[in-house]
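The structure appears below as C-alpha cells.
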Amino acid sequence: MTANIFNYRGKRVHFIGIGGSSMSGLAGMLLEEGFQVSGSDRTRSHKTDALEAKGIAIHIGHDASNVDGADVIVYSAAISPENPERAEAARRNIPQIERCDLIGQLMEGVPFAIGVSGTHGKTTTTSMLAQAFLQAGADPTIHIGGELDFIGGSTRRGDGHDFIVEACEFHASFLHFHPTMAIILNIDEDHLDFFRDIDHIERTFAEYAALLPEDGWCIAWGDDPRARRVCENARCNRLTYGLGENCALRAVDVEYDPKGCATYTAVLEGRTLGRFHVGVSSEANMLDSLAVVAATHVRGLDLEKVAEALKNFVGAHRRFELTSVTDGVRCYTDYGHNPAEIKNAIQIAALQPHRTLWSVWQPHTYSRTKTLFNAFLETFDGVDKLLITNICAARESDPGDISSQMLIEPLRARGVDAHLTPTFDDAEAYLRAHWQEGDLMISHGCGDIDLLNEQIALHGDTAR
C-alpha cells in the first residue's frame, strides 16, 4: 500500500531524480507545505541550484547513503527499483511514493481539479490554463511538466480550491490522479514501449475519464474521433470543442496574422462567448486555447480576462523557445519528440522570417524511433536542412537494431537534405560552417538537445 505523504509533514522527504521539471516543482511545493526535503540527481542543473538556494540538500550522483535520515522516498517512473537509493530504501523498509501517486494525493479532495491530458500539447495547454486562471482572479495550485515564467517555474501553491495539473498517459500515470475535470486534447500513437497499440492507448484514456465524478466534466477535442468517443462515453458532464459542426464549442471566423497567431470567435451551441487572440502561433495552439476557453467557461471565470491571458501568453520554456540570435541566425528549441509535435513546430518555424530553415533532431528512445520510424520519415518535408544526432537512450538500453544512421538514406530518398551529426559538438560545427545570417534553426526533442542551443549561445556572437 502506498504511503500517504500527509503522514510525514515535518519529516524528511527524499526525492530521487529531484532535478526533473516535475520532481523539482513538487520538492519546492512540499517545502512550502512544511516538509523537510532532500534529493539527488545524476547531474547538477539550474533546477538543483535553485532548490539548494531554498535550503534543500542536494546530492549529485545516486548512492545508497543519500537516503540516510529519510522518512519517506519519492521517485518517478524513470527510476528503477535497482537504483541504489531505491534499493537501499527497500532494504531499510523506508516507505516509497511514486511521483504520480504523490500528485494524486495532493489533488484529492480539491473542489475543482483539472487534469490536462493528450498525446500532444499538454504543457502548453496547462500553461495557458494556469495563466488564464490567475489573470481571471483565481488562486490555483499548479503543476506543469515544464517551466512557465508567469508562475516562476513549474509549480505554484494556491488556496486549495483549484488544482491544475498536466496529466501524462505514459505508464498510465494519470490513472493515479483525482480530477473533477479531464481535458483530452487528442489521442495519438506514442509510448509504444508501454502501450500495445493505439486501441490500448484509447482504452487507457477511457479509464482516465472514468475517474471523473458524475458531476464532473470531460472536455475533449471533438474533431479527433478517439478523443470524442472517450468523451461521449464518459459518465459525467461532457463538452466537445473544435472546428467541426458537431462540436459543442466551435472556433469560427478564424484569422491568422503573418506570424501564424490566430484570432477567432468562440461559439457555444449558438451563443457567442467572445473573440479571442492567441499569443502563440499555429492551428494546434489555437485549438488548445479553445480547450482553455471551455474549461474557464465551465469554471465560471471572466472570459474577457481569459481573453487577455491568451493574448499575452508567450509559451512555456522549450516550447518553440527562442534561445539566441547567433551569427545572425535565430535559434529555437522545442520539446516536441513525436511526429505530430515536430511537424507542428516546423509549421510554426516556417511562418517566421528566414532564409534557410535548419532542423536539428535528437531522436528520443530507441523504442519510439523504431516503432514510429516511417512516421518520422514523413515529418521533415518542410525543412531545408536536417541534422540528426545520436538517439537519446533515456530509460532504455541500446537494442542494437536501430540507430540514427538508419534514418539518413530513407530521408534523402524523400528529398530531405539530411545529415548525421552524432554529437552536439558535431551539430554545432556543421551549423556554423554552413548557416548564414537570416537563417532559422530549431532543435527538437525531449532529451537534452536544449544543451546544443545553450552551447551555441555561449560559444559565439550572441544577442537575445
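The values are calculated or read from the model by the stated rules, or taken from the named source; none is laboratory data. Note that this is a predicted model, so its numbers are computed, not measured. Because the Cβ atoms are built from the backbone with ideal geometry, glycine has one as well, and the counts that use them run over all protein chains shown. Each accessible area value is taken on the protein alone, full model and side chains, heavy atoms only, with ligands, DNA and RNA left out. Shrake-Rupley method; radii C 1.70, N 1.55, O 1.52, S 1.80 Å.
Would you work out which of GLN347, TRP435, THR365 lies farthest towards the positive end of the dipole of the range 343-444? Charges go on Cβ: Lys and Arg +1, Asp and Glu -1.
Result: GLN347.
Which whole-number value in Å² is the accessible area per residue of the chain, probe 1.4 Å?
Roughly 40 Å² per residue, with all protein chains present.
Pull up the DSSP beta bridges for the chain and report the antiparallel fraction as a percent, rounded to 5.
Around 30 percent of the beta bridges assigned by DSSP in the chain are antiparallel ones.
Treating only the Cβ of Lys, Arg, Asp and Glu as charged (+1, +1, -1, -1), what charge dipole size does the range 282-349 show about its Cα centre? Round to the nearest 20 debye.
Magnitude of the dipole: close to 60 debye.
Quick check: the distance between the Cα centres of the range 1-51 and the range 170-248, to the nearest angstrom?
That distance is 30 Å.
For ARG412 and GLU108 in one chain, what is 0.36 nm times their gap in residues minus the Cα-Cα distance, to one decimal in nm?
Result for the pair: 104.3 nm of gain on full extension.
If contacts are Cα pairs under 8 angstrom and at least 6 residues apart, what is the relative contact order of the chain in percent?
11
Run the accessible area of the range 113-250 with a 1.4 Å probe and give the carbon-and-sulfur part as a rounded percent.
Roughly 43 percent of what the probe reaches on the range 113-250 is carbon or sulfur.
Taking a point 7 angstrom from the Cα of ASP327 along the C-beta vector, which residues in the range 380-411 have backbone N less than 19 Å away?
Under 19 Å, as judged by backbone N against the label point of ASP327, lie 384-389 of the range 380-411.
So if we plug the beta-carbon distance of ASP197 and ASN246 into 1/(1 + (r/R0)^6) with R0 = 30 Å, what FRET efficiency do we get, rounded to 0.05?
0.70
Of the listed values (i) 21.6; (ii) 24.9; (iii) 34.7, grab the one calculated as mean projected area of the Cα convex hull in nm² from the structure here.
Identified label for the calculated read-out: (i).
Treat every Asp and Glu Cβ in the range 148-247 as -1 and every Lys and Arg Cβ as +1, leave all other atoms uncharged, and give the resulting dipole magnitude about the Cα centre to the nearest 20 debye.
Value, rounded to 20: 280 debye.
With charges set only on the Cβ (+1 for Lys and Arg, -1 for Asp and Glu), what does the dipole of the range 342-456 come to about its Cα centre, in debye to the nearest 20?
That gives a dipole near 340 debye.
Please give me, ordered by residue number, the trypsin sites (Lys or Arg not before Pro) of the range 45-98 that lie in loop per DSSP and have at most 12 other Cβ atoms within 10 Å.
LYS54, ARG92
Do the alpha carbons of any pairs in LYS259/LYS385; LYS259/LYS370; LYS47/LYS370; LYS11/LYS122; LYS11/LYS305; LYS47/LYS259 sit beyond 29 Å of each other, and which pairs?
Over 29 Å Cα-Cα: LYS259/LYS370; LYS47/LYS370; LYS11/LYS122; LYS11/LYS305; LYS47/LYS259.
In the range 246-285, which trypsin sites (Lys or Arg not before Pro) fall in coil by DSSP and have 16 or fewer other Cβ atoms within 10 Å?
Within the range 246-285, the qualifying trypsin sites (Lys or Arg not before Pro) (loop, at most 16 other Cβ atoms within 10 Å) are LYS259.
Between LEU458 and ILE60, what is the label-to-label distance in nm when each label sits 7 Å out along the Cα-to-Cβ direction?
Those two pseudo-labels are separated by 1.2 nm.
Do any GluC sites (Glu not before Pro) in the range 423-461 lie in a loop, going by DSSP, with at most 15 other beta-carbon atoms within 10 Å of their beta carbon, and if so which?
Loop-located and lightly packed - GLU437.
Going from most exposed to least, what order do THR155, THR379 have by accessible area with a 1.4 Å probe?
THR155, THR379
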